[in-house]
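Inspection log for the structure reproduced underneath, given as structure tokens.
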Amino acid sequence: MNGQLIVIVGGFYGDEGKGKIASFLAHNRNVEAVARAGVGTNAGHTVVHDGITYRLRSLPSGFTAADAKLYIGAGVYINEEILLDEIERTGTAGRLFLDHHTGVITEDHIRRETESTHLTQTVGTTKSGSGAAGVDRVLRILTVAKDYTTLKGLTGNVSDAINDILDNDGTVIVEGSQATFLSVYHGSYPYTTSKDVGAAAAVSDIGVGPTRVTDVVVVFKAFVTRVGEGYLKDELSFEEAKERGWDEYGTVTGRPRRAAPFDYELARKACRLNGATQLALTKMDIVFPELEGAVHIDQISERAWDFIKKVEQETGVKVVFVSTGPGSTELIELS
Ligand code: GTP
Ligand code: MG
């Protein structure tokens, strides 16, 4: 299983559990490196490993694989304070490198977003400063990591590092953030994030060409959630969502997430937009409680199989990962 580049992206509106899938793969694919692509600190990935819950906004979720090198791509925006805090909390100093050109978010970016009623009220963003940093990047006035005094020892050429690993038959996982329908190009504009966040953008973020990709894993939750504004088909009231056990709260903002049943049409579109080769279904234990914590294929109930088969039929892509709990090992891999 060597020499592979596995890209993980979200299929709906984010919070599908990409962090969980990235962490599982980091432990099960003998990876040499895990890299974070996507937007910036507007993401919130949750990893539950060895009974500890980590909430991460910058670090690749696959950090739980102790020997893996950790990279953040040039296309990503970091916030020094958040990054250094995460490195400390996870004990990953010395193993994490940013690209020389990773963008740096400052207080000024956060202030500009907080003062924008368009962003805070119409779009409903996380006010993390990622979008405003992107504006400065486009204007070519953004400070990048190599020019930011306190980050100097942490930077390197991430593109070279990852291409070298692949040339030497090593396996690399690339973790995107946000999700397909939050893409500023292909999502429900203007209710989107500030960048493209599909699989193609993810490899661009880290400086690797599309022909090197082995698999694109699109992660779908067994129901759909969305934070912020924008259309959500068959949206449930908060009470209905709570009744079904589908109530969730944002990792970054703590806001309740809006919820709706699984959307097959949206899933089909997501598979096309990303060139999906494999699917992961998360929170299967929430929709099918009999699957809670299951790790064996024979624990999958008939109704859960019906759902899995329907997803495959509607999308034309194989479901390979069935996630049955938040823990990094609570997963059934289908061959
Ligand atoms: P974004 O980049 O912000 O979209 O994050 P994400 O896709 O990594 O998802 P996030 O961690 O924000 O939300 C997923 C939540 O579901 C977290 O609290 C996870 O611990 C949890 N989770 C992931 N997979 C499963 C699962 O199969 N079952 C259950 N019960 N919880 C899960
Ligand atoms: Mg999240």
Flagged as over-length at 21 Å C-alpha distance, from LYS269/LYS310; LYS195/LYS233; LYS18/LYS69; LYS127/LYS152, the pairs are LYS195/LYS233; LYS127/LYS152
Excluding ligands, DNA and RNA, the carbon-plus-sulfur percentage of the accessible area of the stretch 4-333 with a 1.4 Å probe reads 49 percent
With +1 on the Cβ of every Lys and Arg and -1 on the Cβ of every Asp and Glu, the dipole magnitude of the stretch 4-333 about its Cα centre, in debye rounded to the nearest 20, is 580 debye
Sorted largest first, the Cα spans of the chain on the principal axes come out in Å as 57, 49, 36
When the charge dipole of the chain is computed with +1 at the Cβ of Lys and Arg and -1 at the Cβ of Asp and Glu, the Cα pointing farthest to the positive end, of VAL219, LEU166, TYR189, is that of TYR189
Whole-Å distance linking the alpha carbon centroid of the stretch 155-205 with that of the stretch 228-251 is 27 Å
FRET efficiency (ILE297, ILE141; Cβ distance; R0 35 Å; to 0.05) is 0.05
Expected unfolding gain across GLU235-ARG255 under the 0.36 nm per residue rule, minus the alpha-carbon gap, is 5.6 nm
Ordering TRP246, TRP305 by the accessible surface of their heavy atoms, 1.4 Å probe, largest first, yields TRP305, TRP246
Contact order relative to length for the stretch 125-249, counting C-alpha pairs under 8 Å separated by 6 or more residues, stands in percent at 17 percent
With every protein chain kept in place and a 1.4 Å probe, the stretch 17-82 has an accessible area per residue in Å² of 29 Å²
The extension gain from ARG95 to GLU115, computed as 0.36 nm times the residue separation minus the Cα-Cα distance, is 3.5 nm
Any chymotrypsin sites (Phe, Trp or Tyr not before Pro) in the stretch 169-205 that lie in a DSSP loop and have at most 14 other Cβ atoms within 10 Å would be TYR185
Length gained if THR122 through ASP67 is fully extended, taking 0.36 nm per residue and subtracting the Cα-Cα distance, is 15.5 nm
From the Cα centre of the stretch 26-103 to that of the stretch 124-150, the distance in Å is 18 Å
Answer in debye to the nearest 20: the dipole magnitude of the stretch 208-335 about its Cα centre, from +1 Lys/Arg and -1 Asp/Glu charges placed on Cβ, is 600 debye
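The values are calculated or read from the model by the stated rules, or taken from the named source; none is laboratory data. All values reported here derive from a predicted model rather than from experimental measurement. Note that each Cβ is placed from the backbone with ideal geometry, even for glycine, and that neighbours are counted across all protein chains shown. Protein only, heavy atoms only, side chains kept; ligands, DNA and RNA dropped before computing areas. Shrake-Rupley method; radii C 1.70, N 1.55, O 1.52, S 1.80 Å.
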